[in-house]
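Worksheet: one structure, shown below.
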Amino acid sequence: NEFVRVNEEGFKPTSINNSLDTTLLILNSQLSAEINLSKDYTDLPLVHCNPRDLNQVLMSILLNAIEALDASEVSQKNIHLTTSLLSEGWVRISISDTGPGITPEHQLKIFEPFFTTKTIGKGMGMGLALCNQTIQQHKGQLSCTSIPGVKTTFHIDLPVNNEQTPG
């Protein structure tokens, strides 16, 4: 259980699929019965990363998706997790939700420090600036695509050995 080892620092070979499942276990009490969760995992090589930091990123993005779905009036509330091998030496984690989406104006700002669309006192803020910084420290890329009213997808692209740059 990688999330529990909060005092463990540093990079080590990590199973991305296990990291996602561990994060989901922790968030299980946050998932309302209205939210359908689906997973489509690919067998991946172990990724050289800091599992604690990666799990924090996964938790932030998943919490944002859960909060967006809980606050929305959409009839189909879905979160879909996908892992895939992008190319030799690169993996992708995709987290999609069918919430209200992110407007184009907000998409330009979501990775800025302290940016939030939440009202004061509601939630913990998006935390996406910190997520982006963490993924960059892993020599990876965090990106977001959103179609308001349809879906939002966050992609986390990580090098397997953390010594390459995205191509």
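Observations, loosely collected:
- Matching option when the condition is in contact (Cβ under 8 Å) with a residue 12 or more places away in the chain, touching a His at 6+ places or on another chain (Cβ under 8 Å) and not in a strand (DSSP E or B), among Asp70, Asp53: Asp53
- Some residue of region 30-45 being surrounded by 17 or more Cβ atoms within 10 Å (Cβ to Cβ), in contact (Cβ under 8 Å) with a residue 40 or more places away in the chain and closer than 19 Å to Thr134 by Cα: no
- Applying the condition of being modelled with pLDDT of 85 or more and more than 26 Å from Val47 (Cβ to Cβ) to region 113-149 and asking which residue is surrounded by the most Cβ atoms within 10 Å (Cβ to Cβ) yields Pro148.
- Selection from region 88-104 of residues that are more than 27 Å from Lys139 (Cβ to Cβ) and open to solvent by 20 Å² or more (accessible area, probe 1.4 Å): Thr98, Pro100, Gly101, Thr103, Pro104
- Exclusive hit being farther than 20 Å from Lys151 by Cβ and part of a helix (DSSP H, G or I), set Thr22, Thr42: Thr22
- Flag for Lys77 being crowded, with 20+ Cβ neighbours inside 10 Å and not β-branched (Val, Ile, Thr): yes
The values are calculated or read from the model by the stated rules, or taken from the named source; none is laboratory data. Here the structure is a predicted model, which means the values were calculated and not measured. Glycine gets a Cβ as well: all are built from the backbone with ideal geometry, and neighbour counts include every protein chain shown. These area figures cover heavy atoms from the full protein model, side chains too; ligands, DNA and RNA do not enter into them. Shrake-Rupley method; radii C 1.70, N 1.55, O 1.52, S 1.80 Å.
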